Each structure stands twice: as C-alpha cells, then as structure tokens.
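Throughout, read-outs are computed from the coordinates displayed, never taken from laboratory work. Just so we're clear, the structure is a prediction, and the values are computed from it rather than from any experiment. Here the Cβ is made from the backbone with ideal geometry for all residues, glycine too, and neighbour counts use every protein chain on show.
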Amino acid sequence: MTEKRIDFFSFTPQETKAIIFLIVILLIGSGVTLYKKYHPDFAPELLLKENRNTAKKVLEPAKSSTIPEKVSLRISERKINLNSATLQELDSLPGIGEELGKRILAYRESNGNFSSIEELKKINGIGQKTFEKLKNLVTVE
C-alpha cells in the first residue's frame, strides 16, 4: 500500500525560511534577555531607570527662549555690527534665520547703513519680541 503523508502545515519554501528566521530571532532575543537578567554588568546603562530619565531631561528643550543679558555677553564678547554683518553672522543671532538675515541685508542695501538698532523693527518679521532678544547683541558703527 501507498503511504500518504498528511501535512498539517503546508508552507512554501519562502514561508518556511521566514518562520525559521523569526524563531531564531525570538530565541536570540530571549537568550539576551536571560543573560542580562543574570549578569547585571552587561549594558548597565540599559538596566537603570534613572539613566533613562536623565537622558530625557538632557534632550528636553529649554523652558525659555529668551537669552539673559549676562549669558549673552559670555557667549559673544563682541556685538555684531549691523552695517557690516555677513549673512552667516546675522544667522547666528537668536530669532534670525537665513530668510530674515537676507531681509536685513536687503534693507541695508536699499536704505543705506543703519543709523540705530531700532531700525530693525522696520524690517518685516522683526517685532518687539525679536528686537528685545537682539538689542544687546547688535550695534551700529
């Protein structure tokens, strides 16, 4: 008599390879987990909950976007001269990106040198808040 083979699981060769791969990954993951459980010196930074919270605190943005006067003087001892500043210098100022830096340069080209730093308020995009951030960082000479 001919013997019949009953296949409860009939998978294609690709499906069989995928299942074997997933089982191997599961076993490796379980092995690493058990090893970490019984060997606390293995990647201790991953096991300590305090380190996870500390890392989150380091990555949190600052609560305030304003720069205190004393700190701004320590960051840069010299003020940026609006009448000779380059786009890169303007871009380094808080609240001034590349686009606003280009507007400042365009204003300077069309109206001549700045006579006072208050002229910055005439540029579209620089309001009172941005001016307050900049007033201690810029000068006109």
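Counted by neighbouring Cβ atoms within 10 Å, the residues Arg108, Arg78 run from fewest to most as Arg78, Arg108.
The count of lysine pairs in the range 69-139 whose Cα atoms are under 16 Å apart, excluding pairs fewer than 8 places apart on the same chain, comes to 12.
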